[in-house]
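Only the coordinates and a few stated rules stand behind these numbers; no lab work does. The shown structure was predicted, so the numbers you read here are calculated from the model rather than taken from an experiment. Please note: Cβ atoms are built from the backbone with ideal geometry, for glycine as well, and neighbour counts cover all protein chains shown.
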Amino acid sequence: MVQLDLTTLAIAAPAVLFAGISKGGFGSGAAFASAAILALVLEPGQALGIMLPLLMLVDVAALKPYWKRWSWPDARVLILGSLPGVALGAWLYQVADADVFRVLIGAISLGFVMWQISLKAGMIPAARRAMPPWGGALAGCVAGFTSFVSHAGGPPAAVYLLSRGLGKTPFQATTVIVFWVINIAKFVPYAFLGIFTIETFTIDLILAPVALIGAWIGVKLHFKIPETAFFALTYVMLTVTGAKLIWDGLT
């Protein structure tokens, strides 16, 4: 059972605020850092169960300012590709223990940092041609899987969207609509697998205003500041939490 105490809330509230800011204003998938942070003090399944309804709430809040500013053809490819990935994640959750998910979340966290740094350093060249639909479907499948196991579907989706040459706002808008649908698709297997509990929903009710405030801040920051400072903080958090989760899962 999740212990609803001040320590849990003191860790969860900043994590949820960060998730709202990330999903509301930045499309590179950094919101999953919140699940990684919660997984340091809770079972991974509990952390995922707490975060999904809050991420869905932020999705709804972020839809309005980005409404119809997305690239629907690209969004459709990613959404359809994501469904097998979600199914694969649901299967893995049934056969793997908590330590496997700690290692997975930790590895995805460190992988996200390395991918972002390599991209910005020019070690990963930008695609000269737009990825074909089959590439988008594959990226969507990976996004569906990583989103299910750690709420970290942003990087694989971004690989496809970056190749499409979208501007900052269409990129963010497409990310919002894609993960709004993916999160809805995840909700059903999460419920059947017992990831949601009375305790997780109680924490969600308490933290819902924090998530909405974060989304509002994120939308405002999207139109006012560059991403550099925001992601510098993200990289530090993910490196520390990712390494700790891998250590906990292996020891």
Inset, instruction - Using label points projected 7 Å from each Cα along Cα→Cβ, tell me how many nm separate ALA87 and VAL236, to one decimal. - result: 4.4
Inset, instruction - Give the residues of region 9-24 whose amide nitrogen is closer than 11 Å to a point set 7 Å from the Cα of ALA96 in the direction of its Cβ. - result: none
Inset, instruction - Can you bin region 167-226 into rounded, prolate or oblate? Criterion: square roots of the alpha carbon gyration tensor eigenvalues sorted a ≥ b ≥ c, rounded for a/c under 1.5, prolate for a/b above b/c, oblate for the rest. - result: oblate
Inset, instruction - Calculate, for VAL60 and PHE192, the FRET efficiency according to 1/(1 + (r/R0)^6) with r their C-beta to C-beta distance and R0 25 Å; round to the nearest 0.05. - result: 0.65
Inset, instruction - Using label points projected 7 Å from each Cα along Cα→Cβ, tell me how many nm separate ARG76 and LEU6, to one decimal. - result: 5.4
Legend entry - Ellipsoid semi-axes in whole angstrom, largest first, where each is sqrt(5λ) of the Cα gyration tensor of region 87-220: 28, 20, 15
Inset, instruction - Just list whichever of LYS23/LYS220; LYS23/LYS64; LYS186/LYS220; LYS186/LYS224; LYS23/LYS224 have alpha carbons separated by over 21 Å in the model shown. - result: LYS186/LYS220; LYS186/LYS224
